[in-house]
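Have a look at the structure below, then the notes.
The values are calculated or read from the model by the stated rules, or taken from the named source; none is laboratory data. Since the structure is predicted, the reported quantities are computational estimates derived from the model, not experimental observations. Here the Cβ is made from the backbone with ideal geometry for all residues, glycine too, and neighbour counts use every protein chain on show. Protein only, heavy atoms only, side chains kept; ligands, DNA and RNA dropped before computing areas. Shrake-Rupley method; radii C 1.70, N 1.55, O 1.52, S 1.80 Å.
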Amino acid sequence: MLRLDNRAARRLFLHRHGLAETPGGPARGTALEEVITRLGFVQLDSINTVARAHDLILFSRRPRYRPDALGRLVEGRRLFEHWTHDAAVIPMGFYPAWALKRRRDAEVLAQRYRVWQRHDFQAEFDRVLAMIRDRGPVCSNDLGPETPRKAGGWWDWHPAKTALEYLWRSGTLEICHRSGFRKFYDLSERVVPEALRAEAWSEAQTIDWLMRGALARLGFGTATELADFWDIVTRAEARDWCAAALARGEIVEVGVAGADGVERVHYAAPDVLAAAEAAPGPCRRLRVLSPFDPALRDRKRAERLFGFHYRIEVFVPEAKRRYGYYVFPLLEGDRLVGRIDMKADRKGDVLNVTALWPEAGVRFGAGRCARLEAELARVARLAGVTQVTFAPGWLREE
């Protein structure tokens with residue numbers, strides 16, 4: 001069986017995620033679309049303590065990136081919004097592969113919405129569709145006086161809001177643009193090119209495309225990791241695909257050493273050792289990552305590869321948090337060297353750093369602190385502020 005040591009595995013994994021090379025290059029239009037295609041998708045999230053997750057994900061690879069560039073790609077019909085493991089922007093060319101997701105969502109969500117709300121949201125379909133057909137794109141606030149806003153969350157959605165989301169998830173509607181973070185919906189035929197809507201992939205073709213795409217972007221993975229990458233293929237389908245591809249010699253088993261030295265069996269392309277050897281050595285630049293960065297989304301995989309235990313504490317009561325509300329991991333070279341708690345005060349024109357916790361065995365001497373300050377100055381520009389301040393006792397070295 002082939003074997004990858006931990007450093008080689010990290011090098012290949014970071015390269016596939018666009019985190020090995022020095023950040024740089026154009027960050028709009030076709031160049032930005034290519035970054036997203038390389039990643040497969042970019043998760044969307046509304047939390048904006050410093051920058052929204054999707055913006056920081058793209059910025060960490062292309063520091064010239066600014067948020068309006070992503071909106072232009074969506075409005076230009078070069079990306080579409082749907083779900084992977086969460087809401088995401090996805091290259092428009094991938095649209096046919098999501099037919100399977102839309103069909104499965106239609107079945108699951110119809111039952112789920114009935115259980116959550118106990119109302120006939122389907123009765124709202126005609127009214128919502130007629131409004132969009134006549135008026136053009138709408139947001140949930142446009143659905144009329146009979147759709148009061150509630151503070152309770154998705155379980156308090158009015159039937160019309162539920163219908164709107166269902167019609168999007170199942171493919172009748174698409175998100176055509178956002179204003180701020182508010183979604184606007186239009187008929188799919190007005191958003192998705194006809195040629196893409198006309199493509200009809202079989203279930204087997206879709207599963208094969210998704211599994212190969214996941215393996216290419218991860219470099220190596222277990223059947224579960226490959227299934228979870230897009231969150232469309234079931235784990236049973238992933239196991240069956242891996243067994244068949246292995247029997248055909250299209251993939252191989254490879255032992256991948258974790259940060260703890262334990263070797264675990266993964267699947268990979270037959271040239272995985274050459275690919276790892278050819279991957280560039282990671283740059284020494286220190287950079288702030290989003291908690292939802294593709295390299296960290298699978299927390300268990302990140303912990304195995306990097307020895308970095310991370311859990312987001314947004315929903316943890318403040319008194320029980322170990323670190324902070326929304327703490328950002330720090331990547332340096334091929335190591336995750338710490339996590340930083342900070343927040344942009346846009347009225348005060350400052351990025352406030354509350355605390356930084358280095359990982360075990362990592363020291364923030366003069367050189368590393370200089371690299372941190374340079375990165376925070378770049379992040380401050382993304383956040384729309386010009387100054388960076390550090391709270392007393394911010395460096396929590398043991």
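At a 1.4 Å probe, what is the % contribution of carbon and sulfur to the accessible area of the range 222-294? Show your work: numbers first, answer last.
Working: 1640 of 3080 Å².
Carbon with sulfur: 53 percent of the solvent-accessible area.
Lys pairs in the chain, Cα-Cα under 22 Å, at least 8 apart or on separate chains: how many?
Details: 101/161; 101/183; 150/161; 150/183; 161/183; 300/320; 320/343.
Final tally of qualifying lysine pairs is 7.
Give me the extension gain from residue 179 to residue 347: residue separation times 0.36 nm, minus the current Cα-Cα distance, reported in nm with one decimal.
Answer, rounded to one decimal: 58.4 nm.
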In whole percent, what relative contact order does the chain give with Cα contacts below 8 Å and a gap of six or more residues? 19 percent
Equivalent-ellipsoid semi-axes of the range 214-302, from the Cα gyration tensor, Å, largest first: 24, 18, 12
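How much of the DSSP beta bridge set in the chain is antiparallel, as a percent to the nearest 5?
Details: 37 of 45 bridges.
Percent antiparallel among DSSP bridges in the chain is about 80.
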Euclidean distance of C-alpha centroids, the range 176-229 and the range 294-363, integer Å: 29 Å
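Accessible area per residue for the range 1-110 in Å², computed with a 1.4 Å probe and the full protein assembly in place, what is it?
35 Å²
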extent check for the chain: Cα max minus min per principal axis, descending, whole Å, gives 63, 61, 41
In the range 243-280, whose amide N lies under 18 Å from the spot 7 Å out along Cα-to-Cβ of residue 7? List them in ranges. 256-263, 273-280
Per-peptide average of other Cβ atoms within 10 Å, ordering 213-219, 21-27 highest first: 213-219, 21-27
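Where Rh denotes the Kirkwood radius from the mean inverse Cα pair distance, what is Rg over Rh for the range 167-242? Display every interim value, and only then the final one.
Working: Rg = 15.6 Å, Rh = 14.4 Å.
Here Rg/Rh amounts to 1.09.
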Label model pair residue 236, residue 300: point-to-point distance (7 angstrom along the Cα→beta-carbon line) in nm is 1.9 nm
May I ask which residue of 364, 39, 175 lies farthest towards the positive end of the charge dipole of the chain, with charges of +1 (Lys, Arg) and -1 (Asp, Glu) on Cβ and the Cα centre as origin? 364
How big is the dipole moment of the range 331-395 about its Cα centre under a simple scheme where the beta carbon of each Lys and Arg is +1, that of each Asp and Glu is -1, and everything else is neutral? Debye, nearest 20, please. 80 debye
Using the charge dipole of the chain (Lys, Arg: +1 at Cβ; Asp, Glu: -1 at Cβ; taken about the Cα centre), state which of 257, 218, 22 has its Cα farthest towards the positive end. 22
Top mean-square fluctuation among 341, 55, 142, Gaussian network model of the chain, C-alpha springs under 10 Å? 142
Go ahead and estimate [θ] at 222 nm for the chain from helices alone: -39,500 (n - 2.57) per DSSP H run with n ≥ 4, summed, over the residue count, rounded to 500. -12000 deg cm²/dmol
How high is the FRET efficiency from residue 22 to residue 325, r the C-beta distance, R0 35 Å, rounded to 0.05? 0.70
Dipole in debye (nearest 20) - the chain, about Cα centre, beta carbon charges: Lys, Arg +1; Asp, Glu -1: 880 debye
